[in-house]
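> Pasting a structure below so you can have a look.
Throughout, read-outs are computed from the coordinates displayed, never taken from laboratory work. In this text the structure is predicted, and so the values were computed from the model without any measurement. A quick note on method: Cβ atoms are made from the backbone with ideal geometry, for glycine too, and the neighbour counts reach across all protein chains shown.
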Amino acid sequence: MLKGLSDKLRESLEKLARLGLVDTSAVEDLVRDIQRSLISADVDVELVFQLSENIRKRSFEKIPAGLSRKEHVIKVVYEELTKILGEKKSEIELKPKKILLVGLFGSGKTSTAGKLARFYQKKGLKPAMICCDVVRPAAYEQLEQLAHKIDVPFFGIKAEKDSSKVLKDSMSKARADVLIVDSSGRSALDKDLINEIKKLNDILKGQTDAKQIDARSASGDFASVGYERILVIPADIGQAAREQANAFHTALGITDVIVTKMDATAKGGGALTACYETGAKVKFISVGETPEDLELYDPEKFVARLIGFPDLETLLEKARAVVDEKKAEKIIKGDFDLDDFYSQIESMQKMGPVSQMLDMMGMGKLGAKVPGGLDVQEAKMKKWKFIIQSMTPEEKANPDIINSSRVARIANGSGCKEPEVRELVANYNKVKKMMKKISPAKLKRGGLGGIFKQFGNMM
Ligand SMILES: Nc1nc2c(ncn2[C@@H]2O[C@H](COP(=O)(O)OP(=O)(O)OP(=O)(O)O)[C@@H](O)[C@H]2O)c(=O)[nH]1
Ligand SMILES: [Mg+2]
């Protein structure tokens, strides 16, 4: 779902997560990436600028205790995205109710009727569907087949052109907890459509002789149950959803929105943010053509999924695992001892197998260049860890003091061979020298990838 947007957002956040230091230019890069992704998802430009401003401002406000700047920025992005997508999840009442589905031609009303019926059926309620679409040829058959497929009672009058008559008649016969009414579509919200929907609305509200009809509908006493007027909007119209939601709301007073075809367009972000701006509550999103493809819309979860993490905490953990910022800074300056070297190795291992880590850093190809490949590198990293663990604090702080008797002791303690200990110390010196030669700006630009590339080159 929203694959383009999702890929881009994830990429920009992962880029940030890999950085050793998060400064203004890193935040600026991130903001630019996010702007590009949201605008290509048809999110309103002004809204995007507002969000950018909030990210910029909040990124450099006081960082809450226990968070690094990087974690804080990630959290801010997550929160700001959630803010434009709706913030709070809609509550669904699992009680008897009437639902009128309205929307333009092809928006997905009929399929949504089936999906809603399936949703309430799975929750243990008894749905029924009524076809009040008197415009579309074969609308009756379409809903009838759908009803049959999911085993839900279906009502309507074939070839009848008066939708009010169909509704009254069907309500008098239906016995259900959740009455779902499919209505006609039009190419635009014109007078015909408004008049027709208004009449259905009056009947459902119980303002006409429907009261009498309701009285006869026994187990489904539709007069007193809740009533939802749901606008069905296809995601592919992007931010044009704003005008549609406003127009339908003025004409009818809609209670909720369902955004369909989220799976089939890159513009879903635009549709969702535009709906939220109008104050319309998005209750469900539809993500496919089968009756099962309906999801409760939860903005927080939606954002988490969009950026590829189950929740904010998992994302932060990932950022934490990558590197300790202060240590990264020391390494960038070439000012690090074996302890720092060790903690780098440790964070590399926390992130999983080397191959996965290199891949995450966009350095997947590096492994191929290394004689012996990645397994050898991984094994070597493990050995280095043992060797460094067997050193004394003085040796770690000042590896120059490691003479041959110390090498022998360390080799013995770590279960490694003496040449391996020597190789580690030599490599440490090599990296240190190399780091001092590379400009910090260049390293920062390459992020941690740059640092690890140096490690990789020497392994
Ligand atoms: N991929 C995808 N297709 C959908 C989704 N929802 C509906 N569709 C498809 O969109 C087309 C129109 O859906 P309908 O449910 O018939 O739309 P409608 O609003 O009832 O259309 P009219 O009755 O002509 O006004 C159908 O081919 C559906 O299968 C969705 O969430 N994802
Ligand atoms: Mg239809």
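> I want the local charge near Pro393. Using Cβ-Cβ distances under 14 Å, sum +1 for each Lys or Arg and -1 for each Asp or Glu among the other residues. Could you put the intermediate results ahead of the total?
Numbers: positive: Lys396, Arg406; negative: Asp337, Asp339, Asp340, Glu394, Glu395.
Counting the neighbours of Pro393, the net charge comes to -3.
> While we're on this one: Taking square-rooted eigenvalues a ≥ b ≥ c of the alpha carbon gyration tensor, is the range 1-43 rounded, prolate or oblate, where a/c under 1.5 means rounded and, failing that, a/b exceeding b/c means prolate?
oblate
> Which whole-Hz couplings ³J(HN,Hα) result when phi for each residue of the range 34-47 is put into the Karplus expression 6.51 cos²θ - 1.76 cosθ + 1.60, θ = phi - 60°, listed in order with x for Gly and Pro?
5, 4, 4, 5, 5, 5, 6, 8, 6, 7, 3, 4, 5, 5
> Looking at the range 61-151, which chymotrypsin sites (Phe, Trp or Tyr not before Pro) are in a loop (DSSP not H, G, I, E or B) and have at most 14 other Cβ atoms within 10 Å? Before the final figure, lay out the partial values.
Values: sites: Tyr78, Phe105, Phe119, Tyr120, Tyr140; in loops: Phe105.
Passing sites in the range 61-151 are Phe105.
> Which order do the peptides 10-16, 90-96 come out in when sorted by mean C-beta neighbours inside 10 angstrom, highest first? Can you show the working numbers first?
Numbers: 10-16: 18.6, 90-96: 12.6.
Result, highest mean Cβ count within 10 Å first: 10-16, 90-96.
> At 0.36 nm per residue, minus the direct Cα-Cα distance, what do Asn427 and Leu67 gain on full extension? Give it in nm, one decimal, please.
On the way: separation 360, 0.36 × 360 = 129.60 nm, distance 3.30 nm.
Net length gain for the segment: 126.3 nm.
> Determine ³J(HN,Hα), in whole Hz, for all residues of the range 397-414 in sequence, where each value follows from phi through the Karplus function 6.51 cos²θ - 1.76 cosθ + 1.60 and θ = phi - 60°; x replaces Gly and Pro.
Per residue, the Karplus-derived 3J(HN,Hα) values read 6, 9, x, 4, 7, 6, 8, 5, 6, 5, 4, 4, 5, 5, 4, 4, x, 9 Hz.
> Please list 3J(HN,Hα) in residue order for the range 144-159, calculated via the Karplus relation 6.51 cos²θ - 1.76 cosθ + 1.60 where θ = phi - 60°; whole Hz, with x for glycine and proline.
4, 5, 4, 4, 5, 4, 9, 6, 10, x, 10, 10, x, 10, 4, 6
> Could you check the simple spin-label distance between Asn412 and Lys83, using points 7 Å along Cα→Cβ, in nm with one decimal?
Computed distance between label sites Asn412 and Lys83 equals 6.2 nm.
> What FRET efficiency, computed as 1/(1 + (r/R0)^6) with R0 = 35 Å and r the Cβ-Cβ distance, is obtained for Ser405 and Met434, rounded to the nearest 0.05?
Numbers: r = 29 Å, r/R0 = 0.82.
That gives a FRET efficiency of 0.75.
> Measure up Lys8/Lys433; Lys158/Lys281; Lys122/Lys161; Lys83/Lys267; Lys15/Lys281; Lys75/Lys95 against 29 Å on the Cα-Cα distance and list the ones that go over. Walk me through the numbers before you get to the answer.
Working: Lys8/Lys433 36 Å; Lys158/Lys281 34 Å; Lys122/Lys161 33 Å; Lys83/Lys267 18 Å; Lys15/Lys281 33 Å; Lys75/Lys95 37 Å.
Flagged as over cut-off: Lys8/Lys433; Lys158/Lys281; Lys122/Lys161; Lys15/Lys281; Lys75/Lys95.
> While we're here: Please list the non-local residues whose amide H lies under 5 Å from the amide H of Phe154, H modeled 1.01 Å from N, same-chain partners needing a gap of 5 or more.
So Phe154 has HN proximity to Met129.
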